[in-house]
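Chemist: One structure coming up, written as structure tokens, with questions to follow.
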């Protein structure tokens, strides 16, 4: 994509935003966060579009682990049955690498027992060399972290269990 404006131009120009939206659509990205000096632009697709795509993609993550560990597959239904009715999950909006903190020296964004709100950043998922801050999108207390730091995650994969 040719550069139409010099790098020092305003990131909020309509043509620049249009280019970013087109890039998001071409690369199937749910979110873009760019910063240059004190200027920042953060674009995120509507959750409705992501949820529609999640319904089509959800069976894939469940099918992948089953052949790898047959004994674990038998234990999984009992673990799912133990989930309280007031529990909800923070799920991955994209495929990428899961990180609990902004960098290795930083403390985790959240830990078990922390209260979160819809805008609380709970982790970062790196996708295509872009670090995407993932908000909880629900309110409650973090009960369980379901993914290890540095693990690859799939679209729709459960990351955190939250008690409402």
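The values are calculated or read from the model by the stated rules, or taken from the named source; none is laboratory data. Bear in mind the structure is a predicted one, so any value in this text is a computation, not a measurement. Neighbour counts are summed over all protein chains in view; Cβ atoms, including those assigned to glycine, are modelled from backbone coordinates with ideal geometry.
Chemist: Failed condition for residue 47, given (1) out of contact with any strand residue (DSSP E or B) (no Cβ under 9 Å at 6 or more places or on another chain); (2) modelled with pLDDT under 90; (3) farther than 27 Å from residue 27 by Cα, with all others met?
Modeler: Condition (3) is where residue 47 drops out.
Chemist: Identify all residues within the range 4-16 that are at pLDDT below 75 and touching a strand residue (DSSP E or B) at 6+ places or on another chain (Cβ under 9 Å); write none if there are none.
Modeler: Passing the criteria: 7, 8, 10, 11, 12.
Chemist: In this structure, does residue 57 turn out to be surrounded by 10 or more Cβ atoms within 10 Å (Cβ to Cβ) and at pLDDT below 70? Outline the logic, then answer.
Modeler: Values: surrounded by 10 or more Cβ atoms within 10 Å (Cβ to Cβ): yes; at pLDDT below 70: yes.
Yes; evaluated as a whole, the condition is true for this residue.
Chemist: Could you tell me whether residue 113 is surrounded by 11 or more Cβ atoms within 10 Å (Cβ to Cβ), at positive phi and at pLDDT 90 or above?
Modeler: Numbers: surrounded by 11 or more Cβ atoms within 10 Å (Cβ to Cβ): no; at positive phi: yes; at pLDDT 90 or above: yes.
For residue 113, the condition - surrounded by 11 or more Cβ atoms within 10 Å (Cβ to Cβ), at positive phi and at pLDDT 90 or above - is not met.
Chemist: Among the numbered criteria (1) touching a strand residue (DSSP E or B) at 6+ places or on another chain (Cβ under 6 Å); (2) farther than 20 Å from residue 131 by Cβ; (3) modelled with pLDDT under 90; (4) loosely packed, with under 14 Cβ neighbours inside 10 Å, which single criterion is violated by residue 34?
Modeler: (2)
Chemist: Is there any pair with a first residue in the range 8-30 that is within 24 Å of residue 93 (Cα to Cα) and a second that is at pLDDT below 75 and part of a helix (DSSP H, G or I) whose Cβ atoms are under 8 Å apart and which are 6 or more apart or on different chains, and what are they?
Modeler: Sorted first by the residue in the range 8-30, then by its partner, the pairs are 30/50.
Chemist: Quickly run through the range 131-164 and pick out the residues that are closer than 16 Å to residue 102 by Cβ, in contact (Cβ under 8 Å) with a residue 60 or more places away in the chain and surrounded by fewer than 16 Cβ atoms within 10 Å (Cβ to Cβ).
Modeler: 131, 133, listed by residue number.
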